[in-house]
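A quick write-up on the structure given underneath.
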Amino acid sequence: MIDLRAFAYIDQLQKQMVAYIGSSARGYYPVSGQAALFVEIAPGIEINSITDAVLKKVNVLPGALVVERTYGMLEVHADSPAEVRQAGEVVLEYLGCKETDRLKPKILASETIERIDPYMSQIVNRFRAASMSISDETLHVLEIVPAGYAGYAANEAEKAADIKLIHVSVHGASGRVYFAGSTSQVQSGKLAAQKSLAALSGKEH
């Protein structure tokens, strides 16, 4: 039995989000403006067969493939939103389920830190994979399950506000998004991310 944990379409990848994927993933890097799909399943090993099925049937590129014992995550993208939608249909057909069979996103933590301390800024930058945080900026941290929704949330936050993506983790027990900027812009990004996650239908945890 394969469980569909996360399943999220992105209509238009933002500039920082694609730069982050390019800096951290080992697949074929996307460019801004492309459509994308994030999928997370359990058990993790099955993501290999799903990836093979998608790439044999649809003209999309894999940007990230993560295989863990418990969870597996796949991101694919293309210039054509229709191709990405078709990739999603291949995934659902392979699993024998509907989009609404995915788990609904659940926010575990949402923290905003104003005027970040210089030492806090430095330690965050030690593990970041995108832009650097700067002291006195406002930092927001969002933790989500399933982890595959973190990329979707980060992209929606960037789309809505003038923020800097600091770090995005899209696999594992939970997903995390770090972004920074002025307090007003960070609040706008936070609300956009939360609203976009709340709009996704699915099964309760």
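Please treat every number below as a calculation from the coordinates, not as lab data. It should be emphasised that the depicted structure is a prediction, and the values quoted were computed from it without experimental measurement. Here the Cβ positions follow ideal geometry from the backbone for every residue, glycine too, while neighbour counts run over all protein chains shown.
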Discussion item. Could you check the spin-label model distance between Y9 and S32? Points 7 Å from the Cα along Cα→Cβ, value in nm.
Written reply: 2.3
Worksheet, complete the sentence: Non-local residues with an amide H under 5 Å from the amide H of G63, with H modelled 1.01 Å from N and Pro and chain starts lacking one, are Y28, E75, V76, H77
Item to complete: Find the Cα radius of gyration of the chain, compare it with 2.2 N^0.38 Å by division, and give the number to two decimals.
Response: 0.98
Item to complete: Please report, in whole Å, how far the alpha carbons of the stretch 3-101 spread along each principal axis, starting with the longest.
Response: 33, 27, 24
Worksheet item: For K159, which lysines qualify as cross-link partners when the Cα separation must be under 23 Å and same-chain residues fewer than eight apart are set aside?
Response: K15, K104, K106, K190, K195
Discussion item. Can you tell me what percent of all Cα-Cα pairs in the stretch 49-141 are more than 21 Å apart?
Written reply: 55
Practice prompt. Calculate, axis by axis, the spread of Cα positions in the stretch 106-198 along the three principal axes, and write the results as whole Å, longest axis first.
Written response: 31, 26, 19
Discussion item. Using DSSP to call loops (not H, G, I, E or B), can you name the trypsin sites (Lys or Arg not before Pro) in the stretch 21-70 whose Cβ has at most 14 other Cβ atoms within 10 angstrom?
Written reply: R26, R69
Item to complete: Please tell me the relative contact order of the stretch 3-101 in percent, rounded to the nearest whole number, where contacts are Cα pairs under 8 Å and at least six residues apart.
Response: 29
Discussion item. Please list, in order along the stretch 57-74, the HN-Hα scalar couplings obtained from phi with the Karplus expression 6.51 cos²θ - 1.76 cosθ + 1.60 (θ = phi - 60°), rounded to whole Hz, x for Gly and Pro.
Written reply: 10, 10, 8, 10, 10, x, x, 8, 9, 10, 10, 10, 4, 8, 10, x, 10, 10
